[in-house]
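Participant: Dumping the structure here so I can ask a few things about it.
Here, each number is a calculation from the coordinates, and none is a lab measurement. Quantities reported herein were computed from a predicted structural model and do not represent experimental measurements. When we count neighbours, we look across all protein chains shown, and the Cβ atoms used for this are built from the backbone with ideal geometry, even at glycine.
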Amino acid sequence: MERPIFKPLGTPVEELDTPTLVVDADVLERNIETMASFFANSRARLRPHVESHLCPTIAHKQLTACGTVGGIAVTTLGQAEVFAANGFSDISVTNVLVTPQKIARLCALARHASMTVAVDDAKNVDDLSEAASQYGVTLTVIVDVHTRLDRCGVEPGRPAVELANAVARSEGLDFAGLMTYEGPILEEDPEMLANESRKWIQMVLDTREMVEKAGIDVRVVSVGGTHNYEIAASIDGVTEVPAGTYALMDHRYAAHRTQFEPAARVISAVTSIPEPGIVITDAGQKAVGADTGLPSIDNIPGATVHGLSAEHGNLDVDPALHGRINLEDRVWMTPWDIGTCVNLHDYMSVVRDGRLEAVWEVSARGRYR
């Protein structure tokens, strides 16, 4: 963990040490309220997916808003353990847990929180049932249906029905329903987005009908995300949408989800100006992340990120700005993928009206296991 250089509350944001992950509290709260306002009038409910920020303080704000199921979604058991320790009692692990060590940890955690876990394999169902019986707990189980991504999930239709039946008859397991993660569908055309979303979601709904015809109750159908929450929630039969990026947002989503604003940015400093048109900052891959895309530059017109090394950002700027950009000037970067960026930081500096209001710990960062 980094040794933080904390500034007094009230410090102007430009005086924070760099590079620093900065969250604008007003923008964050507006994003949460925008999503909550939609789900307040929806039959489906929101389940905030906290992997994109890994911060219990933000998750509490999300659940305080209306329209949620009252619980959160995570991707790893380590994340679940952190959030359970921070007062969250309804946690869905939208991932499969197959090793004996992880299943044991899941059962231990189920003594303190209501735990839901995804499955896509009959052997995993048997292992979960055996462990739940041994620990004297009940695990809620949701069948992961494979749709758009070549990742986890049992095939829709008959294979998913057979797996649901295996869960329903297993001791220590409570079959809840079906889920899929179709992955972000970042279509600019609203009609194309709707059609593409409905195509994958319908596979899950058709499977739900088959499961119910087999005499098994389906309480949960979990689909969609920030990219299509309005579409997913409007489809009859969908019960919850596990969206997460909406809270902080990022450059990848910003052009497609304009009802939300980027609330999290990295503030960096100019450290070198080797020649006109080139600016170097102190925020590189280890501060912003570059695994899936480069960040945008928010406060230098026309500037783009040419590349990121470990500790340096290489910017292309208009040569006409030479002499108007100086060493120590602040450069604001919006990460391409907020989840990757947040996972690089132990803390986020929270500002309001341009001044430091709080420092929040990113408690679940690095919890891969």
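Participant: With a/c under 1.5 counting as rounded, go ahead and sort region 1-109 into rounded, prolate or oblate using the C-alpha gyration tensor (a ≥ b ≥ c being the square roots of the eigenvalues; past the cut-off, prolate if a/b is larger than b/c, else oblate).
Facilitator: In terms of gyration-tensor shape, oblate.
Participant: Which whole-number percent is the relative contact order of region 42-249 (Cα, under 8 Å, 6+ apart)?
Facilitator: It rounds to 21 percent for region 42-249.
Participant: For the chain, what's the relative contact order in percent, using C-alpha pairs closer than 8 Å and at least 6 residues apart?
Facilitator: 22 percent
Participant: Is region 42-249 best put as rounded, prolate or oblate by its Cα gyration tensor, with a ≥ b ≥ c the root eigenvalues, rounded for a/c under 1.5, and otherwise prolate when a/b is larger than b/c, oblate when not?
Facilitator: Since a/c reaches 1.5 but b/c is at least a/b, the shape of region 42-249 is classed as oblate.
Participant: Roughly how big is region 42-249's charge dipole about its Cα centre, with Cβ charges of +1 (Lys, Arg) and -1 (Asp, Glu), in debye to the nearest 20?
Facilitator: Its charge dipole is roughly 560 debye.
Participant: Hey, can you grab everything whose amide H is under 5 Å from the amide H of Glu311? Only 5+ residues off in sequence or another chain; H modelled, so Pro and N-termini drop out.
Facilitator: Gln285
Participant: Still on this structure, please answer the following. Specify which residue in the list Ser349, Gly78, Ile300 is farthest towards the positive end of the charge dipole of the chain, using unit charges on the beta carbon of Lys, Arg (+1) and Asp, Glu (-1), about the Cα centre.
Facilitator: It is Gly78.
Participant: To continue, here is another question. Identify all lysines with a Cα-Cα distance to Lys7 below 23 Å; exclude those on the same chain that are fewer than 8 residues away in sequence.
Facilitator: Lys286
Participant: Longest segment of the chain with no GluC sites (Glu not before Pro) in a DSSP loop having at most 15 other Cβ atoms within 10 Å?
Facilitator: Excluding the exposed sites themselves, the longest stretch runs over 3-170.
Participant: Once amide H atoms are placed 1.01 Å from N in the peptide plane, what residues at a sequence separation of 5 or more from Leu356, or on another chain, have their amide H within under 5 Å of its amide H?
Facilitator: Gly10, Thr11, Val13
Participant: Mind putting a number on the dipole of the chain about its Cα centre? Charges go on the C-beta only, +1 for Lys and Arg and -1 for Asp and Glu, and I need it in Debye to the nearest 20.
Facilitator: Computed about the Cα centre, the dipole is about 840 debye.
Participant: Mind checking which of Ser197, His146, Val69 is farthest towards the positive end of region 42-249's charge dipole, using Cβ charges of +1 (Lys, Arg) and -1 (Asp, Glu) about the Cα centre?
Facilitator: Of the candidates, Val69 comes out farthest on the positive side.
Participant: Cut-off is 10 Å between beta-carbons; in what order do Trp332, Trp200 appear when sorted fewest neighbours first?
Facilitator: Listed from fewest to most nearby Cβ atoms, that is Trp332, Trp200.
Participant: Over region 158-236, what is the relative contact order in whole percent, taking alpha-carbon pairs under 8 Å and six or more residues apart?
Facilitator: 40 percent
Participant: Report the residue, chosen from Leu128, Leu28, Leu321, that carries the largest GNM mean-square fluctuation when the chain is represented by alpha-carbon nodes joined by springs under 10 Å.
Facilitator: Checking each option, the largest mean-square fluctuation is seen for Leu321.
Participant: Between Asn326 and Met210, what is the label-point separation in nm under the 7 Å Cα-to-beta-carbon projection?
Facilitator: Reported label-point gap for Met210 and Asn326 is 6.8 nm.
Participant: Go through Ala59, Ile267, Leu315 and say which Cα lies farthest out towards the positive end of the charge dipole of the chain; charges sit on Cβ, +1 for Lys and Arg, -1 for Asp and Glu.
Facilitator: Ala59
Participant: Right, here's the next one. Express in nm, to one decimal, how much length is gained between Glu188 and Gln134 on full extension, taking 0.36 nm for each residue of separation and deducting their alpha carbon distance.
Facilitator: Stretched fully, the Glu188-Gln134 segment lengthens by 14.4 nm.
Participant: I've got another one for you. Assign one of three labels to the chain, namely rounded, prolate or oblate, based on the Cα gyration tensor with a ≥ b ≥ c the square roots of its eigenvalues; rounded applies when a/c is under 1.5, prolate when it is not and a/b is larger than b/c, and oblate otherwise.
Facilitator: prolate
Participant: Short version: ³J(HN,Hα) in whole Hz for each residue of region 186-192, in order, from phi by Karplus 6.51 cos²θ - 1.76 cosθ + 1.60 (θ = phi - 60°), x for Gly and Pro, what are they?
Facilitator: 9, 8, 7, 7, x, 5, 5
Participant: Separate question: Name the residues whose placed amide hydrogens come within less than 5 Å of the amide hydrogen of Gly157, ignoring near sequence neighbours (fewer than 5 apart) on the same chain.
Facilitator: Counting only residues 5 or more places away or on other chains, the set is Thr207.
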